[in-house]
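Asks: Questions regarding the structure given below will be posed in turn.
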Amino acid sequence: MIEEIRDIESKGIDPSTIVISDRAHVVMPYHAEFDRLEEERRGDNAIGTTNKGIGPAYKDKVERSGIRIGELLNIEYLALRLPGIIEAKNEVLTKIYGADPIDVNDILEQVRSWAPELSPFIRPVDDLVATAIENGENVILEGAQGALLDIDHGTYPYVTSSNPTIGGPMTGMGLGPNAFGGVAGVFKAYCTRVGAGPFPTELKEGIGPQIKEIASEFGVTTGRERRVGWFDGVAGRYSARVNGFDSVIITRLDILDNFDSINVCVAYELNGERIEKFPVDAEQLERCKPIYETLEGWSGTTAGVTDADDLPPEARAYVAFLESVLEVSAAIISTGPRRDETITIKPVIPV
């Protein structure tokens, strides 16, 4: 965060409009170490975390031993809390993992160095957002990750530690459902997944590696190759239902240019039976086989197209088919990485 603020300043941009919620929990240096050690301990059953310490930080939050960014405004109080926290961490590090203990003075020195850099930006964000909504201003909440990584509604245990579904913004911002003008879901024109976990439409050979190479599918945080598969309409419908999408945004349509045919998963086969509802149970999902409908591909390129009428007929038919499978209409189609490479069909949020 400090590096990003400095980067903004170096470009001549005033960072004073940045606000960090005083309730945000801090991923401490020891969280990343716990993340790495626990993944090593799991061995072949590793979940495939980013090893950035997110899970351990959430664990501390629930155990009420976490550190919130607002505590940087009162370093002397935090200095009284830290020794007890570090002592407990060292018990686990040395006795369970056989790792070296943490030096509390090193951690305290780091915390003291953060305080003057970040303190000017720390304030109650919930009040700021609530006031903006009351004044009729626009507020966009952008969620990270995807619905199937939700701690409650995802493919547990191959999930993250938070709620990337629509419930997360409500609890995270302290907003009621009436505050939302609408909810938009973002889908790639095909599917990807990073790390372990069931993936019924995964393409391990042939077209899968082709798409991976064309799209440069590598995790932003980890650099790991993403797993690639055909669009999964069963999982997509589930996500649309859990989140209550008013519209969808379809990205990376141009990646599917020049394929002779394109498959879309419309149902699964489980234990010899066709099912159209998404089984959240990871063991069941692992045994699901995709049932596809095959659509005609298109020649030429959709890259950079900004008008839906300029798309090849087969590309328009593909988007229409995804809309019918998801039972939600598309508001935006992305045809490239730049902002102007966008087809706007209708407002994302209903007016």
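Each value in this text was obtained by applying a stated rule to the coordinates, not by laboratory testing. As the structure is a computational prediction, the values presented were derived from the model and not from experiment. Positions of Cβ are backbone-derived with ideal geometry, glycine not excepted, and every protein chain shown enters the neighbour counts.
Asks: I'd like the per residue volume of the convex hull spanned by the Cα atoms of the range 124-180, given in cubic angstrom. Kindly include the intermediate steps, with their values, before the conclusion.
Replies: Details: hull volume 4.3 nm³, N = 57.
So the per-residue hull volume is 76 Å³.
Asks: Using a cut-off of under 17 Å, list every residue of the range 155-179 whose amide N is near the label point 7 Å from the Cα of Arg241 along the Cα-to-beta-carbon line.
Replies: Of the residues in the range 155-179, 155-156, 165-167 have backbone N under 17 Å from the label point off Arg241.
Asks: Same structure again: Quick one: order Leu148, Leu295 by neighbouring beta-carbon count within 10 Å, fewest to most.
Replies: The order, fewest Cβ neighbours first, is Leu295, Leu148.
Asks: Averaged over all directions, how much area does the convex hull of the C-alpha atoms of the range 166-314 cover when projected, in nm²? Display every interim value, and only then the final one.
Replies: Values: hull surface 44.3 nm².
So the Cα hull casts an average projection of 11.1 nm².
Asks: Give me the percent relative contact order of the range 124-180, please, defined on Cα pairs under 8 angstrom at least 6 residues apart. Numbers along the way, then the final one.
Replies: Values: 52 pairs, mean separation 15.9, N = 57.
With pairs under 8 Å counted, the relative contact order is 28 percent.
Asks: Would you mind calculating the gained length between Glu202 and Ile133 on full extension (0.36 nm times residue separation, minus the Cα-Cα distance), in nm to one decimal?
Replies: 20.7 nm
Asks: Sticking with this structure for a sec: Suppose each label sits 7 Å from its Cα in the direction of the beta carbon; what would the Ser216-Glu91 distance come out to in nanometres?
Replies: Spacing of the two 7 Å Cα→Cβ label points: 4.8 nm.
Asks: In addition: Residue by residue, what Karplus-based ³J(HN,Hα) values in Hz, rounded to whole numbers, does the range 336-346 have, using 6.51, -1.76 and 1.60 with θ = phi - 60° and x for Gly and Pro?
Replies: Along the range 336-346, the couplings run x, x, 8, 4, 7, 8, 9, 9, 9, 8, 7 Hz.
Asks: What ranking do Leu37, Leu80 get, fewest neighbouring Cβ atoms within 10 angstrom at the top?
Replies: Ordered by Cβ neighbours within 10 Å, fewest first: Leu80, Leu37.
Asks: Can you run phi through the Karplus equation (6.51, -1.76, 1.60; θ = phi - 60°) for the range 130-143 and list ³J(HN,Hα) in whole Hz, with x for Gly and Pro?
Replies: Listing the rounded values in order: 4, 5, 4, 5, 4, 8, x, 7, 7, 10, 10, 9, 9, x Hz.
Asks: While we're on this one: Pop out the ³J(HN,Hα) list for the range 280-292 in order, Karplus 6.51 cos²θ - 1.76 cosθ + 1.60 with θ = phi - 60°, rounded to Hz; leave Gly and Pro as x.
Replies: 5, 4, 4, 5, 5, 4, 4, 8, 6, 10, x, 10, 9
Asks: Which residue fluctuates the most in the chain, going by a Gaussian network model with Cα springs under 10 Å, if the choices are Gly98, Gly197, Gly208?
Replies: Of Gly98, Gly197, Gly208, the Gaussian network model singles out Gly98 as fluctuating most.
Asks: Okay, next question. Tell me, what is the percent relative contact order of the range 182-344, built from C-alpha pairs under 8 Å that lie six or more residues apart?
Replies: RCO, the range 182-344: 26 percent.
Asks: Now, a different point. Report, by chain and number, residues whose modeled amide H sits under 5 Å from the one on Val186, excluding near sequence neighbours (fewer than 5 apart, same chain).
Replies: Ile249
Asks: For the chain, build the charge dipole from Cβ charges (+1 Lys, Arg; -1 Asp, Glu) around the Cα centre, then report which of Gly70, Val186, Ser261 sits farthest towards its positive end.
Replies: In the chain, that residue is Gly70.
Asks: Would you mind working out the magnitude of the charge dipole of the chain relative to its Cα centre, with +1 at each Lys and Arg C-beta and -1 at each Asp and Glu C-beta, to the nearest 20 Debye? Please report the intermediate quantities before stating the final value.
Replies: Numbers: 34 positive and 56 negative charges, 100 e Å.
In total the dipole reaches around 480 debye.
Asks: A further question follows. Using Cα-Cα distances under 8 Å and only pairs 6 or more residues apart, what relative contact order does the chain have, in percent?
Replies: Contact order relative to length: 13 percent.
Asks: Give me Arg68, Arg193 sorted ascending by neighbouring Cβ count inside 10 Å, so fewest comes first. Don't skip to the answer; put the middle values down first.
Replies: Details: Arg68 16, Arg193 22.
Placing the least packed residue first, the sequence is Arg68, Arg193.
Asks: I would also like to ask the following. Across the chain, how large is the tail of the calculated P(r) beyond 27 Å, expressed as a percent of all Cα pairs?
Replies: Value for the chain: 56 percent of Cα pairs lie more than 27 Å apart.
Asks: Reachable lysines from Lys61, Cα under 24 Å, same-chain residues fewer than 8 places away excluded?
Replies: The reachable lysines, counting only those whose Cα sits under 24 Å from Lys61, are Lys52, Lys89, Lys95.
Asks: A follow-up question, please. Report, by chain and number, residues whose modeled amide H sits under 5 Å from the one on Phe231, excluding near sequence neighbours (fewer than 5 apart, same chain).
Replies: So Phe231 has HN proximity to Cys191, Cys265.
Asks: Could you give the length gained on full extension between Arg6 and His25, defined as 0.36 nm per residue of separation minus the Cα-Cα distance, in nm?
Replies: 4.7 nm
Asks: Another question about this same structure. For helix 54-63, what angle does its Cα long axis make with the longest principal axis of the chain, in degrees from 0 to 90 and rounded to 10?
Replies: Taking Cα atoms only, the helix is inclined about 60 degrees.
Asks: Using +1 on the beta carbon of Lys and Arg, -1 on that of Asp and Glu, and nothing else charged, what's the dipole of the range 92-243 about the Cα centre, debye to 20? Could the numbers behind the result be given before it?
Replies: Numbers: 12 positive and 18 negative charges, 124 e Å.
Here the size comes out at about 600 debye.
Asks: Suppose only helical runs count, i.e. DSSP H with n ≥ 4. What mean residue ellipticity at 222 nm does that imply for the chain under -39500 (n - 2.57) per run, divided by all residues and rounded to the nearest 500 deg cm²/dmol?
Replies: -11000 deg cm²/dmol
Asks: Measuring from a point 7 Å past the Cα of Ile47 along Cα-to-C-beta, which residues in the range 165-203 have an amide N at less than 14 Å?
Replies: So the set is 195-198.
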